[in-house]
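Below is one structure, written out as structure tokens, with a few remarks after it.
The values are calculated or read from the model by the stated rules, or taken from the named source; none is laboratory data. As the structure is a computational prediction, the values presented were derived from the model and not from experiment. Counting neighbours? That spans all protein chains shown, and the Cβs are built from the backbone with ideal geometry, glycine included. For the accessible areas, the whole protein counts, side chains as well, though only heavy atoms, and no ligand, DNA or RNA atoms are used. Shrake-Rupley method; radii C 1.70, N 1.55, O 1.52, S 1.80 Å.
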Amino acid sequence: MANNSKSQLDYIKDYFKANPNKDLNTTKIKGIIENQYLSETGKRFEDCDRGIRSLYQKGWLIKVKKGCYKYDPNYKSDDKTSHDFPGKIKKQILKRDKYKCVVCKLGKKEGLDLQIDHIIPRDRGGKSTLENGQTLCSRCNFLKKNMSMNSLGKKIFQNLLKQSIKKKNTEMTKIAKEFLKLFKKYNLN
Ligand SMILES: [Zn+2]
């Protein structure tokens with residue numbers, strides 16, 4: 001009697017658990033897993049490759065190389081959601097942001113590369129989720145990264161603003177205000 005509560009992912013997990021610490025090629029093992037699933041449930045396994053990839057993205061499997069994974073019972077990965085955005089989430093973020101940088105509203109049309117950025121940075125516990133992702137062009141991403149790396153960044157621009165107002169330098173005032181707006185937008189302190 002097949003256990004109905006056993007999911008497709010469980011079949012993949014069971015196979016890897018039965019073969020720990022071995023480099024397993026997806027192409028070689030997926031037929032075995034699919035057949036086992038078919039014989040126990042009478043149903044076709046939908047997308048074994050994707051299942052294996054998702055276990056890797058969750059940090060459950062180790063990627064040895066492309067199309068080759070390993071299960072190590074002693075391997076403790078960090079939560080994968082604190083690392084890079086999975087491809088699927090990236091696409092969702094791009095779509096939601098209409099394929100434009102959320103700061104300057106420019107995009108590929110203007111010749112800018114689009115990147116997916118962590119709103120709350122990873123080193124501050126930000127996850128690679130749809131909610132914590134945003135589309136930035138390479139230029140704005142560069143600015144953000146460099147400002148957040150530099151804890152003095154905000155102070156520098158606050159100082160610049162003060163100085164430029166004093167000196168009635170409207171151009172500088174404008175620039176400083178723009179930067180401070182970015183700090184506010186990204187909650188950088
Ligand atoms: Zn931009």
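Do the alpha carbons of any pairs in Lys95/Lys162; Lys91/Lys174; Lys88/Lys177; Lys98/Lys177; Lys91/Lys177 sit beyond 29 Å of each other, and which pairs? Table pairs above 29 Å Cα-Cα are Lys95/Lys162; Lys91/Lys174; Lys88/Lys177; Lys91/Lys177.
D by Stokes-Einstein for the chain, Kirkwood Rh over Cα pairs, 4 °C, 1.567 mPa s: 65 µm²/s.
Distances longer than 15 Å among the Cα atoms of region 84-148: what percent of all pairs is that? The answer is 46 percent, as a whole percent. For region 84-148, the per residue solvent-accessible surface stands at 63 Å², with DNA, RNA and ligands left out and a 1.4 Å probe. Cβ-Cβ distance of Glu171 and Ser138, R₀ of 35 Å, FRET efficiency by 1/(1 + (r/R0)^6): the value works out to about 0.90. Determine the distance separating the Cα centre of region 3-22 from the Cα centre of region 29-79; give it in Å without decimals. If you average the Cα positions of each part, the centres end up 8 Å apart. Along the chain, the exposed loop sites are trypsin sites (Lys or Arg not before Pro) outside DSSP states H, G, I, E and B with at most 15 other Cβ atoms within 10 Å, and the longest stretch free of them is 106-166. Note on Asn19/Lys95: beta-carbon distance plugged into 1/(1 + (r/R0)^6) with R0 of 25 Å gives a FRET efficiency of 0.10.
Counting protein heavy atoms only, region 8-77 has 45 percent of its accessible area on carbon and sulfur, 1.4 angstrom probe. Please find, in a Gaussian network model of the chain (springs between Cα atoms separated by less than 10 Å), the residue of Leu55, Leu160, Leu106 whose mean-square fluctuation is greatest. Per the Cα network of the chain with a 10 Å cutoff, Leu160 tops the list. Fully extending the segment from Cys68 to Glu40, taken as 0.36 nm per residue of separation minus the present Cα-Cα distance, adds 7.5 nm. What's the longest bit of the chain with no exposed GluC sites (Glu not before Pro), using DSSP loop states and at most 15 other Cβ atoms within 10 Å as the test? Segment 47-130 is the longest.
Can you give the longest run of the chain that contains no chymotrypsin sites (Phe, Trp or Tyr not before Pro) sitting in a DSSP loop with at most 16 other Cβ atoms inside 10 Å?
Working: sites that count: Tyr75, Tyr99.
Longest gap between qualifying sites, sites excluded: 100-189.
Considering only Leu38, Leu136, Leu61, the mean-square fluctuation computed in a Gaussian network model of the chain, springs between alpha carbons under 10 angstrom, is largest for Leu38. Straight-line cross-link reach from Lys30 at under 20 Å between alpha-carbon atoms covers these aspartates and glutamates, not counting any fewer than eight positions away in the same chain: Asp10, Asp14, Glu40, Glu46, Asp47, Asp49, Asp72.
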